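As structure tokens, the structure follows; a few thoughts come after it.
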Amino acid sequence: MNVTIATLINATPVFSKITNKELSPVVSFRLVKLIKEINVELEIFEKEKEKLLKKYGKKNDDDSYTILDENKDSWNKDITELLSLNVDITAEKVNLASEDIKISPADMMKIEEFVEM
């Protein structure tokens, strides 16, 4: 499946909730494979985001960054471009239909690319 980095970021908290539920072994296995693949892409994203932060921002005492006013437009352009990059996730969709879990409509929208219900 082809999804954006932003989609992966939005799905991550929902998968964290689901992984805390009791699931069948097959669904657990497929979910872990999917999450591992997503995490690989997100690690790459974080490294690239760090480069942009160093380029456009100033490091604070707490190791966070503040984007400098004169760089905000360039930062917004570059981070938006990075977030909209498409990546290919090869793990198969996870079928949650047989699982006894409840997912809010808002959360379902965040993971609909990755699951079947």
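The values are calculated or read from the model by the stated rules, or taken from the named source; none is laboratory data. Remember, it's a predicted structure, so these values are computed and weren't measured experimentally. We place every Cβ from the backbone using ideal geometry, glycine too, and count neighbours over all the protein chains shown. All accessible areas refer to the heavy atoms of the entire protein, side chains included, with ligands and DNA or RNA removed. Shrake-Rupley method; radii C 1.70, N 1.55, O 1.52, S 1.80 Å.
Quick one: is Ile103 farther than 26 Å from Lys17 by Cβ, of a type in the set (A, V, I, L, M) and more than 13 Å from the chain's Cα centre (by Cα)? Quick ask: steps written out before the conclusion?
On the way: farther than 26 Å from Lys17 by Cβ: no; of a type in the set (A, V, I, L, M): yes; more than 13 Å from the chain's Cα centre (by Cα): yes.
The answer is no for Ile103.
Exactly one condition in (1) open to solvent by 50 Å² or more (accessible area, probe 1.4 Å); (2) farther than 22 Å from Thr12 by Cα; (3) among the hydrophobic types (A, V, I, L, M, F, W, C) is false for Leu83; which is it?
Condition (2) is where Leu83 drops out.
Failed condition for Lys59, given (1) at pLDDT 95 or above; (2) touching a strand residue (DSSP E or B) at 6+ places or on another chain (Cβ under 7 Å), with all others met?
(1) is the only condition that Lys59 fails.
For segment 55-72, which positions are surrounded by 11 or more Cβ atoms within 10 Å (Cβ to Cβ) and either polar (S, T, N, Q) or not in a strand (DSSP E or B) (or both)? Walk me through how you get there before you give the answer.
Going through segment 55-72, the residues surrounded by 11 or more Cβ atoms within 10 Å (Cβ to Cβ) turn out to be 55-59, 65-68, 71-72.
Hits for segment 55-72 are Lys55, Tyr56, Thr66, Leu68, Asn71, Lys72.
Out of segment 19-54, which residues are closer than 23 Å to Ser74 by Cα, buried (at least 16 other Cβ atoms within 10 Å of the Cβ) and over 14 Å from the mean Cα position of the chain (by Cα)?
Leu52, Leu53
Please indicate, with yes or no, whether at least one residue in segment 76-85 is within 16 Å of Lys110 (Cα to Cα) and part of a loop (DSSP other than H, G, I, E, B).
First, the residues of segment 76-85 that are within 16 Å of Lys110 (Cα to Cα): 83-84.
Checking the rest, the ones that are also part of a loop (DSSP other than H, G, I, E, B) come to 84.
Yes, there is a match, as at least one residue in segment 76-85 is within 16 Å of Lys110 (Cα to Cα) and part of a loop (DSSP other than H, G, I, E, B).
Pairs only if they're at least six apart or on different chains, beta carbon under 6 angstrom, first in segment 78-107 and touching a residue at least 60 places away in the same chain (Cβ under 8 Å), second surrounded by fewer than 10 Cβ atoms within 10 Å (Cβ to Cβ); list them, first residue then second.
Taking only residues 6 or more apart or on different chains, the pairs are Asn86/Asn2; Asp88/Asn2.
So which residues in segment 2-18 are farther than 15 Å from Ser84 by Cα and either outside any helix (DSSP H, G or I) or open to solvent by less than 70 Å² (accessible area, probe 1.4 Å) (or both)?
Taking segment 2-18 as the starting set, the residues that turn out to be farther than 15 Å from Ser84 by Cα are 12-18.
The answer is Thr12, Val14, Phe15, Ser16, Ile18.
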